[in-house]
1. With the condition kept exactly as written, say whether any residue in region 39-46 is open to solvent by 60 Å² or more (accessible area, probe 1.4 Å) and at pLDDT 85 or above.
2. Find the helices (runs of 4 or more DSSP H) located wholly in region 115-199 whose residues include 3 or more that are modelled with pLDDT of 95 or more and open to solvent by 60 Å² or more (accessible area, probe 1.4 Å), and list them.
3. Take S84 and decide whether it is of a type in the set (S, T, Y) and either surrounded by 15 or more Cβ atoms within 10 Å (Cβ to Cβ) or free of Cβ contacts under 8 Å to residues at least 60 places away in the same chain (or both).
4. Got a number for residues in region 200-231 being of a type in the set (A, V, I, L, M, F, W, C), over 17 Å from the mean Cα position of the chain (by Cα) and outside any loop (DSSP other than H, G, I, E, B)?
5. Can you tell me how many residues within region 130-186 are hydrophobic (A, V, I, L, M, F, W, C), under 28 Å from E107 (Cβ atoms) and touching a strand residue (DSSP E or B) at 6+ places or on another chain (Cβ under 7 Å)?
Amino acid sequence: MSETSVSRDDHSTGRPIWIRVLAIIATVAAATHIAASFLWIGPYSEGARSLFPGGQSGLSAYMLPIFGQSWSVFAPEPINGDYSLSVRAVTEENGQTRATEWVNATEVETRMLTHNLLPPRAAIQSTELAARFAGAWQELSDDHRVIVELGYYSGEDWQPRLREKLLSYGGEEVVERYLAREDQATRYATQVARAVWGDAVVTVQFEVKRQNVIPFDKRNEPDAVRPAPSHYSTGWRGQLVDTEQSSKDFSDVFAPLYLQWSESDRGQR
């Protein structure tokens, strides 16, 4: 074989530059995702999570809602309770205002799980919101909780006023974490209220509940019942709609599920 032919063969088996670039990008993306997943599911470390671009907030934004994981189904502290989020509203029609009944948004959403081999992520979004809100609410002091249960809805500055009042009792980091969770829950509650009661909605209110399962050592007792639920409540809030949210799309999914729930599950209680 001539020297010329050897050189030609070596050149023909080389990888084009664009494939090499794609391979590098894919490797970096895979390594970043693995590192993010490790930081997310591993023991909490503020220092370690700060290494991720954007810190804790950047990690949360990357992992949620698509890649969120939890190993809490395993011992020694498996999940032992259910979270739910309920919503009601004050509506105004023909000059008359009224407070609506509560709608258990979690029960409505989870209808998407029934007889569905490929359930959508939307079927558990209120459950995740409820769990995160309850965790932030529990960090509040008794003084903070008194303020949280008051109504804040008048004018466009109700959120700054709520923040200012909560901060007057100290605990800046706790307050900011709580307000971030309340903001998310209020935006979700607004979408639920509009899907159910339409443009008549004036203000909204949500309530989170957590109910433990029957204790393991009492699981075989015939008269065993689940413990009473814990309640995490707020007062009335003004409506909040994110610019990236689509009320129409939310309503197109939620409203039919609500009608099913209203006609069957709720009617049986």
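1. no
2. Qualifying helices (runs of 4 or more DSSP H): 142-148, 158-167, 172-197.
3. Working: of a type in the set (S, T, Y): yes; either surrounded by 15 or more Cβ atoms within 10 Å (Cβ to Cβ) or free of Cβ contacts under 8 Å to residues at least 60 places away in the same chain (or both): yes.
In short, yes.
4. So the answer is 5.
5. 6
The values are calculated or read from the model by the stated rules, or taken from the named source; none is laboratory data. Just so it is clear, the model here is predicted, and its values are computed rather than measured. We place every Cβ from the backbone using ideal geometry, glycine too, and count neighbours over all the protein chains shown. Each accessible area value is taken on the protein alone, full model and side chains, heavy atoms only, with ligands, DNA and RNA left out. Shrake-Rupley method; radii C 1.70, N 1.55, O 1.52, S 1.80 Å.
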